[in-house]
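Peer 1: Could you have a look at this structure, given as structure tokens, before my questions?
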Amino acid sequence: FRLGFALRDALARGGLHVHYQPQVDLVSGKICAVEALVRWTTADGVEVSPAMLIAAAEECGLIGELGDWVLRTACSQLVRWHQLGFAGLRVAVNLSARQFSMPSLVTDIMRTLDEVGLEPRFLDLELTESVLMRDMEHAIECLSVLRRQGVRICLDDFGAGYSSLAYLQVLPIDVLKVDRSFMARVPEAANAAAIVDAIITMAHSLGMRVIAEGVEREVQCDFLSRHMCDEVQGYYVCKPVPAEAVTSLLRDGV
Ligand code: G
Ligand code: G
Ligand code: MN
Ligand code: NA
């Protein structure tokens, strides 16, 4: 709970940052989106991991404020990139469980988009299976409204949890992000490769796009291209970096 005080201070006075990790479209070879990943260095210089930060924010009732700060920062930055001429670029923002369960979530998101002047179609929201499974009716309701506004819904860490595939029939989802634990063994391990291939085929049959996470090597990229994966994200392309570094990559290519 010392973290709670420090976080309140950081929200008021600074110390929080957002890094961005590019997602590359395998057809065009260009950066099509960036995932916003929060970073926090406390006043005494300690780097707090995002997992701890999110957990602390949820405990202290600050997740609404933190989530809005990340969304606002990422969307404002995207507007600047659009102004620099990178017109089609999108931004992906993660939502935590408590954040997703807040009744004001949809209106908060729409208000922030409106205030920073970003069209909803440029925003991707990333949610994990476990976040969505907690309250399926709430999830269907919220996601349907957001999606009607043009926001793209991404299922993060797909395949890593213990959930069934049944919810893919009822939840409005646009994108599957294949969990990086599969990628670690692709293409060498035949079973991991078969699973990734099957996920891509299934997603496309359901009208969804596929992003492979944790892509660290060229052979993985080649495998994913051949198997019609839509986008890749991972250290092979770029690690999460500050906005200025993304601007250079957008100018010069990855
Ligand atoms: O960035 P890595 O950079 O270490 O991120 C670790 C975890 O923290 C990931 O699971 C990521 O989804 C989560 N995370 C990073 N930034 C945010 C954020 O702004 N909001 C939420 N809810 N999770 C985040
Ligand atoms: O859970 P989520 O996918 O939102 O979190 C992204 C996390 O994955 C961040 O911590 C980020 O630093 C990490 N990450 C991004 N690319 C790679 C990669 O190629 N390999 C590994 N091991 N981690 C990655
Ligand atoms: Mn994510
Ligand atoms: Na993920």
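Peer 1: For a quick check of your reading of the filter: which chymotrypsin sites (Phe, Trp or Tyr not before Pro) in segment 132-208 sit in a DSSP loop and have no more than 12 other Cβ atoms within 10 Å? Present the calculation step by step, with values, prior to reporting the outcome.
Peer 2: Numbers: sites: F158, Y162, Y167, F182; in loops: Y162.
Answer in residue order: Y162.
Peer 1: Same structure again: Computed FRET efficiency, Cβ-Cβ of S164 and E188, R0 30 Å: what is it to the nearest 0.05?
Peer 2: Values: r = 28 Å, r/R0 = 0.95.
FRET efficiency, S164 to E188: 0.60.
Peer 1: A further question on this structure: Tell me, what are the semi-axes, in whole angstrom and largest first, of the equivalent ellipsoid of the chain as set by the roots of 5 times the Cα gyration tensor eigenvalues?
Peer 2: Working: eigenvalues 154, 95, 71 Å².
After diagonalising the Cα gyration tensor, the semi-axes are 28, 22, 19 Å.
Peer 1: Just to be sure I understand: of the beta bridges DSSP finds with both ends in segment 2-252, what percent are antiparallel, rounded to 5? If you can, show how the numbers build up before the last one.
Peer 2: Details: 14 of 36 bridges.
The answer is about 40 percent antiparallel.
Peer 1: What does the net charge come to around H17 if you take all other residues with beta carbon closer than 14 Å to its beta carbon, with K and R at +1 and D and E at -1?
Peer 2: Working: positive: R13, R39, R72; negative: E47, E244.
It works out to a net charge of +1.
Peer 1: When the dipole is taken about the Cα centre of the chain, and only Lys, Arg (+1) and Asp, Glu (-1) are charged at their Cβ, what size is it in debye, to the nearest 20?
Peer 2: 340
Peer 1: Let me check I've understood the local charge: for D157, count other residues with C-beta under 13 angstrom from its C-beta, Lys and Arg +1, Asp and Glu -1. What total comes out?
Peer 2: Working: positive: K177, R180; negative: E35, E126, E129, D156, D179, E213.
Neighbourhood net charge equals -4.
Peer 1: Still on this structure, please answer the following. If we count other beta carbons within 10 Å of each Cβ, what is the order of T201, T112, fewest first? If you can, show how the numbers build up before the last one.
Peer 2: Details: T201 13, T112 19.
In increasing order of surrounding Cβ atoms, one gets T201, T112.
Peer 1: Give me the percent relative contact order of segment 2-252, please, defined on Cα pairs under 8 angstrom at least 6 residues apart.
Peer 2: So the answer I get is 19 percent.
Peer 1: Specify the inter-centroid distance of segment 220-245 and segment 107-139, based on alpha-carbon positions, in whole Å.
Peer 2: So the two Cα centres are separated by 24 Å.
Peer 1: Between beta-carbons, use under 13 Å as the cut-off and find the net charge around V79, counting Lys and Arg +1, Asp and Glu -1. Don't jump to the answer; show the numbers that get you there.
Peer 2: Values: positive: R72, R80, R90; negative: D114, E115, E119.
Every neighbour counted, the sum reads 0.
Peer 1: Which residues' amide hydrogens lie under 5 Å from the amide hydrogen of R209, considering only partners 5 or more residues apart or on another chain, with H built in the peptide plane?
Peer 2: V175, L176
Peer 1: Using a 10 Å cut-off around each Cβ, can you sort C238, C154 from fewest to most neighbouring Cβ atoms?
Peer 2: Numbers: C238 19, C154 24.
The fewest-first ordering by Cβ neighbours comes to C238, C154.
Quick note: the coordinates plus some simple rules give every number you see, no bench work behind them. Only a predicted model underlies this, so the values are computations on that prediction, with no experimental measurement involved. Reconstructed Cβ throughout: ideal geometry from the backbone, glycine too, with neighbour counts over all protein chains shown.
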